[in-house]
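The values are calculated or read from the model by the stated rules, or taken from the named source; none is laboratory data. Here the structure is a predicted model, which means the values were calculated and not measured. Neighbour counts run over all protein chains shown; Cβ positions are idealised from the backbone, glycine included. Protein only, heavy atoms only, side chains kept; ligands, DNA and RNA dropped before computing areas. Shrake-Rupley method; radii C 1.70, N 1.55, O 1.52, S 1.80 Å.
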Amino acid sequence: MSVQFWLRTQPLQGTKKQIQARIHALFSRRNFAQAAITGTEKCSNPPSRGLVLGVYADEHDQDDLGMLTRTAAKYNETYTNGALLDMLRIAGPLPKTGETRVFFNLEPTYSAVAVCGLGTECLGYDPMEKIDLSKEAIRVASATGCQELQKLQTSRIYVEDFGHAESAAEGAHMGLWVNQAMKNPEHRVSIPQLQLYYEPELPCDSNGWRIGLAKAEAQNLARQLQEAPANHMTPTTFAQNVVQILCNSGVNVEVKVRSWAESQGMSCFLTVAKGSCEPPIFLELSYYGANLKERPIVLIGQGNTYDSGGISAKKLHALRDMRGDMAGAACVVATCRAIAALKLPVNIRALIPLCEHMIGCNAMKPGDVVAVKNGKSIEIVDADYEGPLVLVDALLYAECFGPKYIVDVSTISDHVLEAFGKVCSGVFTNSEELWQRIKNAGVHTGDRVWRLPLWDYFTHQMCSVEHVDVQNLGKGHGGESCKAAAFLREFLPCGQWMHIDAYNVMTTKGEDYPYLRRGMAGRPTRTLIEFIAQACCHNKSSQYP
Ligand code: MG
């Protein structure tokens, strides 16, 4: 008998005789000899139903016997007569966080059961790390369990809630997503159907599962939009995709063309766009979940469907991921869809300037000066700092809506990558209230943010020359992300504002977050959704209806 049929990821340790003796003892005790035969016969076919369960164990204590989650313990006793836990313990060391053991044919309903490590039971919020470690462990466990069953081509996967259904749904749905839209359908990885597993006698948080599903699908949508090659995702096709994606979602979409932008005096946006023959598009999304008289939150998403750097061209290695320079736009579109799906009681107006930044014969040149609608003049010192230029007119236009506050999401400066790596987005804001809320949202979602200074020092670096009002790069070396935020503040119409520089979290190598495979990351979509959801929770027990 091959042990691999039973213990796929962790064969039994010891000599052949020792292994046979242990299995014999187990089968004798549980009368599972028949099950063993069934197991070897059926494992040549993909399991039709898989189940993902969890186990707590101290990773640093070799003698820790581990403890199944409440749902897993109930399943173990009710359907396998204790065999699941027995098998888990004799399979070797218990799985660490992010590790999984897969067992086959323990009982007739689920032909494959993945048991995932959750670490110790009492992780919780870590004030130094600014993250809820329990929720993150659940996301990781849920994702790795589902991925193991996906490798077996399981057609339907049931996932327990691990004590927090929202995080379980997030991990499972993000973990299964694969970038394969451009692949021949015959060679694509199959995506199993997902469902929440629950025991009738235990409490079941189906609403938490629904919320996690909406957030994860939003992030997957952002990943999908970012991943599309630039020749398939021009400003026009991005707009077409958004119209299709948001059809019947409850979000209104207005597609505005170049002549409209000209009539609005959007000189800065059009200056960036004129280097490409692809026409620019300005998308305006609106969602009304609250009283029509209530002021909207304005979201702005930077949408460069490709960024060559213009005349200040980028180097080859930097160009590789520049199809994703519309991460802000993708994040805002996905956030709007999730807010509508969750029916959050809030009004949203989303502004998305879309253009290609290319090196055509009309491309902007270093030294060019652009006059902007608010009367200020901008000198283009470095054409590769086009991100702030794209946002200027959207910021000024936001004033029309009398916003409650403005949040822009952009991929402006690689200096946030040097500062943070890929761990968190950089946040700049003139509001302590907005900062506290986005920080709390990041703790909850695991997609963290960190505040950077919005000081006059940086404004001085951007605005201290005699011949123009503002420069797009400014003087001095370093602090480019801070200088870009100071630049944007010069065009802020009024009130509270938050600028998120997500350049560094645009992509992932697939190592930092096991629930995100290598590629475009779709961050910080879930954090933005949670940030807005928290805004709806005044005097309510829950922000979600
Ligand atoms: Mg850029």
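Rank-order 329-337, 379-387 by packing density, defined as the average count of other C-beta atoms within 10 Å over each peptide's residues, highest first.
329-337, 379-387
Beta bridges assigned by DSSP with both partners in the chain are antiparallel in approximately 45 percent of cases. Out of the DSSP beta bridges found with both residues in region 230-536, what percent are antiparallel (nearest 5)? Given both bridge residues lie in region 230-536, the antiparallel proportion sits at roughly 45 percent.
Per residue, the average separation of C-alpha pairs within less than 8 Å and at least 6 apart gives region 372-509 a relative contact order of 42 percent.
With just the Cα atoms defining each centre, how far is region 421-459 from region 309-382? Give it in Å. Each part reduced to its Cα centre gives a spacing of 20 Å.
Near ALA341, within a Cβ-to-Cβ distance under 12 Å, what is the net charge of the other residues, with Lys and Arg +1 and Asp and Glu -1? Present the calculation step by step, with values, prior to reporting the outcome.
Working: positive: ARG210, LYS215, ARG337, LYS343; negative: GLU217.
Taking every Cβ under 12 Å from that of ALA341, the sum is +3.
Note on GLU262 and ALA290: the model spin-label points, each 7 Å out from Cα along the C-beta direction, lie 3.8 nm apart.
If packing is taken as the average count of other Cβ atoms within 10 Å, what order do 526-532, 148-154 fall into, highest mean first?
Details: 526-532: 28.0, 148-154: 20.3.
Per-residue mean Cβ counts within 10 Å order the peptides as 526-532, 148-154.
Using a cutoff of 8 angstrom between alpha carbon atoms and counting only pairs six or more residues apart, the relative contact order for the chain works out to 13 percent.
If you take the Cα centroid of region 190-221 and the Cα centroid of region 111-151, the two points sit 15 Å apart. Whole-Hz Karplus values for region 325-342 come out as 6, 9, 4, x, 5, 4, 4, 5, 4, 5, 4, 4, 5, 5, 4, 5, 5, 8 Hz, taken residue by residue from phi with 6.51 cos²θ - 1.76 cosθ + 1.60 and θ = phi - 60°; glycine and proline positions read x.
For the chain, the spherically averaged projection of the C-alpha convex hull amounts to 27.1 nm². Neighbours of GLU166, meaning other residues whose beta-carbon lies under 9 angstrom from its beta-carbon, give a summed charge of 0 when Lys and Arg score +1 and Asp and Glu score -1. For the residue pairs LYS293/LYS376; LYS183/LYS215; LYS215/LYS256; LYS215/LYS343; LYS215/LYS422, the C-alpha atoms sit more than 24 angstrom apart in LYS293/LYS376; LYS183/LYS215; LYS215/LYS256.
Percentage of Cα-Cα pair distances in region 230-536 greater than 33 Å, rounded to whole percent? Here the long-distance tail beyond 33 Å is 16 percent of all Cα pairs in region 230-536. For LEU51, nonlocal amide neighbours, meaning residues 5 or more places apart or on other chains whose placed amide H falls under 5 Å from its own, are ALA112, VAL113, ALA114, TYR158.
Pairs of Cα atoms under 8 Å, at least six residues apart: use those to get the relative contact order of region 390-466, whole percent. Normalised by residue count, the contact order of region 390-466 is 24 percent. Taken one residue at a time, the phi angles of region 277-294 give Karplus couplings (6.51, -1.76, 1.60, θ = phi - 60°) of 7, 6, x, x, 9, 10, 8, 10, 10, 9, 9, 10, x, 10, 3, 4, 7, 6 Hz. Gly and Pro are set to x. Summed over the residues of the chain and divided among them, the accessible surface reaches 41 Å² per residue at a probe radius of 1.4 Å. Backbone geometry of region 259-276 corresponds, through the Karplus equation with coefficients 6.51, -1.76 and 1.60 at θ = phi - 60°, to 3J(HN,Hα) couplings of 4, 5, 4, 5, 5, 8, x, 7, 5, 5, 4, 5, 5, 5, 6, 6, x, 10 Hz, x marking Gly and Pro.
Amide hydrogen proximity for SER413: with H placed 1.01 Å from N in the peptide plane, the residues at 5 or more positions away or on another chain lying under 5 Å are TYR503.
I'd like to compare 293-300, 442-449, 463-470: which one has the highest average count of other Cβ atoms within 10 Å, and what's the full order after that?
Numbers: 293-300: 19.9, 442-449: 24.6, 463-470: 13.6.
With the highest mean Cβ count within 10 Å placed first, the list reads 442-449, 293-300, 463-470.
For ARG320, neighbours were defined as the other residues whose beta-carbon sits under 14 Å from its Cβ, and their charges (Lys and Arg +1, Asp and Glu -1) total 0.
Once backbone amide H atoms are built at 1.01 Å from N, LYS404 has ILE297, VAL298 as its partners under 5 Å, excluding neighbours fewer than 5 places away on the same chain.
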